[in-house]
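Report on the structure given below.
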Amino acid sequence: MIDGILFVQKELLLPIILCGVLLFAAFIFKEWQTRNKGRFTLNAIIAFITLFALILIILEPSKEVEIQHKQGLLLTEGYRTAQQDSLESIYEGIQVLEYNHKQSVRRALDSLTSLVIIGDGVAPYDFYRFDSIPTSYLPNEITPGITKVKFNDHLVLGDEFRLNGTYAKPKLGSILVLQDSRGNGLDSILLEDRSSQNFSLKTVPKVSGDFIFQLSQKDSVGKVLASNPLPITIREKEPFRVLIVNTFPTFEIKYLKNFLADQGYDVTVRSQLTKGKYKFEYFNTKASPIYLFTKESLSKFNVVITDTETYFNFGKTVKDHFEHSMRENGLGFFIQPTELLFKLGKAMPYFSFKSDGINEVQLPNSTVNIEKYPFTFNETFAVNAIDSNELGKLSYYRQLGLGRVATTTLFNSYQLVLQGKNQAYKSIWTKILDKIVQRKEQVVAWQSQTQLPKVGEPFSFVLRTGLENFQIMNTEKRRIPLIQDATVSFKYSGTTYPKKAGWNTLAVEGDSTTQFSYYVYDVDDWKPLRASHKREANAKQFGNALKENRTVMVNRPISLLFFYILFLLGIGWLWLSPKLSAQS
């Protein structure tokens, strides 16, 4: 660049200059032989100007120009032509671009001062492409169909499968039918003529394995209008060992231990009577009292449940043993809340709370009310909500190495049993324990980071393992590069691009026992739901307020007409000059 001048063919700059110098040297040598005929100096100057014009014609010079008002309009799937026409009439000269997740628009964006997105929006994994340009999103109209859905895709055999969702602009008389993998109807609901309708469907699977249920929409005569897959994994109930430690017996512990015993789990309960004296109870296991909490004694259990006072009265050494068992051995740890839990403040190392003043809540999609402490979790404290349709966000866990620590704001959940609402009680505690329990011989713990994996799009995952020098293979038997976490040495993340719909797998190379199955949806599956998710993500990322234009520098080509004229005049003179000299 020379004082703001750039060249389009900048890669040819040095070769062209070198060729120009050689040509000029050859011309000087030729003219020097006939210098007695005159015009040597004039011809040399004209030759230099002619070569200079030719060089600039080849290099195509351009000049940086400041632009402040050049808007762009990005069309995404589902955009309305009427909305496009309206924006084009408001912003004269707006540049229209079409979004394709397989092609980059970064080059086109570099010359724009702001951007407006219409339609269903861009894929969230492409958000980073728009970091440098002021971008606004004008949400698309809600499309008819299922716009929200939530279901527990990993079940223990005997648990209830529940599907909750919202249907936008349903047709009167249509029916939503939950079907098993053979097409048998399991539950159904009649849709009404309204702007949106919430629905809930449920069943109790009888067999373990990987299955693909279907959620079908049928008209009044039974014709299938649409059908979407519901992949679920049902595993056999694993017997795990639970240790319950409390300062004194409570009704909450009484009903919880009975529930766990009825579910067939090995349960040991230690209740303190007086200082140094304890009462032990055993369910589905032989008597084996535990007095000291050492690394060895804790290794016999998969889950430890204790109340707040008991845990925080332990000495530092005992707490270190608990944390070591969580981080290194994958121990699940649940802190039964009391009022003390919410008063600890910074003394509580795992969770942070804030007051919400709510003492009772209604479980989602249910008429069941449940008591809670008037606090809620501070979600910025690196915690994860325990995903339960009944539980909502009343319980959270935090990852500690290979293990997890969890707690809840629920208060006296045993009241559900007294009210005869056993299924709600079972679902709550099954979900809590299922999130923190240590899996039998679990070498690798997998976690999906992509909500609705799609063919050809990135599927991101996180894994935790103590293995070293290992490789992850995908369904196509290709190795997937991993990024090791800078602060947690046994945490890795990776991304793969599945090529086929249906069940796909990830596994440690050479070890099939570490296999992780995930379902990849076809391009036509859950279209209204995908569109709804994209609209929400784009609205949150970009907002709908028009942004202030940025200033961009663009290269405007300099007209070559002047250089062409110089070149033609110069060539003409150099052709004519020898003839004039000969005549004279």
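The values are calculated or read from the model by the stated rules, or taken from the named source; none is laboratory data. Predicted model, so just to flag it, every value in this text is computed and none were measured. Note: ideal-geometry Cβ built from the backbone for every residue, glycine included; neighbour counts use all protein chains shown. We work out accessible area using only protein heavy atoms, side chains counted, and drop any ligands, DNA or RNA first. Shrake-Rupley method; radii C 1.70, N 1.55, O 1.52, S 1.80 Å.
Things worth noting here:
- Exactly one residue among ILE57, ILE46 is among the β-branched types (Val, Ile, Thr), surrounded by fewer than 16 Cβ atoms within 10 Å (Cβ to Cβ) and either at pLDDT below 90 or in a helix (DSSP H, G or I) (or both), and that residue is ILE57.
- Test: residue in segment 196-212 that is among the hydrophobic types (A, V, I, L, M, F, W, C), open to solvent by 80 Å² or more (accessible area, probe 1.4 Å) and out of contact with any helix residue (DSSP H, G or I) (no Cβ under 8 Å at 6 or more places or on another chain): yes
- Members of segment 456-482 that are under 16 Å from the mean Cα position of the chain (by Cα), surrounded by fewer than 18 Cβ atoms within 10 Å (Cβ to Cβ) and either more than 25 Å from ASP522 (Cβ to Cβ) or of a type in the set (A, V, I, L, M) (or both): VAL462
- Selection of segment 2-25 for residues being at pLDDT below 85 and loosely packed, with under 11 Cβ neighbours inside 10 Å yields ILE2, ASP3, GLU11.
- Taken residue by residue, segment 183-190 has no member that is in a loop (DSSP other than H, G, I, E, B), within 27 Å of GLN263 (Cα to Cα) and either of a type in the set (A, V, I, L, M) or without any contact (Cβ under 8 Å) to a residue 12 or more places away in the chain (or both).
- Residue-level analysis places LEU112 among those that are open to solvent by less than 30 Å² (accessible area, probe 1.4 Å) and part of a loop (DSSP other than H, G, I, E, B).
- Some residue of segment 517-539 being farther than 30 Å from GLN217 by Cα and either under 25 Å from the mean Cα position of the chain (by Cα) or buried (at least 17 other Cβ atoms within 10 Å of the Cβ) (or both): no
- Annotation note: of TYR125, TYR99, the sole residue that is open to solvent by 60 Å² or more (accessible area, probe 1.4 Å) and under 26 Å from ASN228 (Cβ atoms) is TYR125.
- Filter pass, ASP131 being acidic (Asp, Glu) and either touching a Ser or Thr at 6+ places or on another chain (Cβ under 6 Å) or open to solvent by 20 Å² or more (accessible area, probe 1.4 Å) (or both): yes
- Residues of segment 280-316 classified as farther than 30 Å from LEU467 by Cα, of a type in the set (D, E, K, R) and surrounded by 12 or more Cβ atoms within 10 Å (Cβ to Cβ), total: 3
- The set of residues from segment 486-504 being surrounded by 13 or more Cβ atoms within 10 Å (Cβ to Cβ) and out of contact with any Pro (no Cβ under 8 Å at 6 or more places or on another chain) comprises VAL488, PHE490, LYS491, TYR492, SER493, LYS499, ALA501, GLY502.
- Strands (runs of 3 or more DSSP E) contained entirely in segment 194-275, each with at least 3 residues that are touching a Pro at 6+ places or on another chain (Cβ under 6 Å) and either without any contact (Cβ under 8 Å) to a residue 24 or more places away in the chain or β-branched (Val, Ile, Thr) (or both): none
- The set of residues from segment 540-549 being modelled with pLDDT under 80 and open to solvent by 50 Å² or more (accessible area, probe 1.4 Å) comprises LEU546, LYS547, GLU548.
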